[in-house]
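One structure is given here, and the rest of the page talks about it.
The values are calculated or read from the model by the stated rules, or taken from the named source; none is laboratory data. None of these values were measured; they are calculated from a predicted model.
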Amino acid sequence: MFKAIGFIIVLFGLSHFFSASFAALDTAASASFKAIETAAIVSQTQLQKEL
(Lines give C-alpha, C1' and ligand atoms only; values in the text may rest on other atoms or scores of the structure.)
Protein backbone atom coordinates (compact mmCIF):
# COMPACT_ATOMS: atom_id res chain seq x y z
CA MET A 1 0.00 0.00 0.00
CA PHE A 2 2.84 2.41 0.78
CA LYS A 3 4.35 1.66 -2.64
CA ALA A 4 1.06 2.60 -4.30
CA ILE A 5 0.90 5.90 -2.39
CA GLY A 6 4.51 6.63 -3.31
CA PHE A 7 3.78 5.80 -6.94
CA ILE A 8 0.82 8.20 -6.96
CA ILE A 9 2.98 10.94 -5.43
CA VAL A 10 5.67 10.37 -8.07
CA LEU A 11 3.08 10.51 -10.87
CA PHE A 12 1.65 13.71 -9.41
CA GLY A 13 5.13 15.28 -9.30
CA LEU A 14 5.94 14.19 -12.84
CA SER A 15 2.68 15.58 -14.18
CA HIS A 16 3.51 19.00 -12.69
CA PHE A 17 7.07 18.83 -14.01
CA PHE A 18 5.99 17.94 -17.53
CA SER A 19 3.23 20.54 -17.65
CA ALA A 20 5.77 23.20 -16.67
CA SER A 21 8.30 21.95 -19.19
CA PHE A 22 5.72 21.94 -22.00
CA ALA A 23 4.80 25.52 -21.16
CA ALA A 24 8.47 26.48 -21.26
CA LEU A 25 8.91 24.68 -24.58
CA ASP A 26 5.93 26.54 -26.03
CA THR A 27 7.35 29.87 -24.88
CA ALA A 28 10.77 29.05 -26.31
CA ALA A 29 9.29 27.99 -29.65
CA SER A 30 7.23 31.19 -29.87
CA ALA A 31 10.29 33.32 -29.11
CA SER A 32 12.34 31.45 -31.72
CA PHE A 33 9.70 31.98 -34.39
CA LYS A 34 9.50 35.68 -33.55
CA ALA A 35 13.29 35.96 -33.84
CA ILE A 36 13.23 34.20 -37.21
CA GLU A 37 10.42 36.47 -38.38
CA THR A 38 12.37 39.56 -37.29
CA ALA A 39 15.49 38.33 -39.07
CA ALA A 40 13.50 37.73 -42.25
CA ILE A 41 12.00 41.23 -42.11
CA VAL A 42 15.41 42.82 -41.56
CA SER A 43 16.90 40.81 -44.41
CA GLN A 44 14.06 41.80 -46.71
CA THR A 45 14.52 45.47 -45.79
CA GLN A 46 18.26 45.25 -46.46
CA LEU A 47 17.70 43.61 -49.83
CA GLN A 48 15.19 46.27 -50.83
CA LYS A 49 17.65 49.03 -49.87
CA GLU A 50 20.36 47.48 -52.08
CA LEU A 51 18.07 47.44 -55.10
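Quick notes
- Among the residues of region 23-51, those identified as at pLDDT below 85 and of a type in the set (A, V, I, L, M, F, W, C) are Ala23, Leu51.
- The selection criterion, being part of a helix (DSSP H, G or I) and within 17 Å of the chain's Cα centre (by Cα), does not hold for Ser43.
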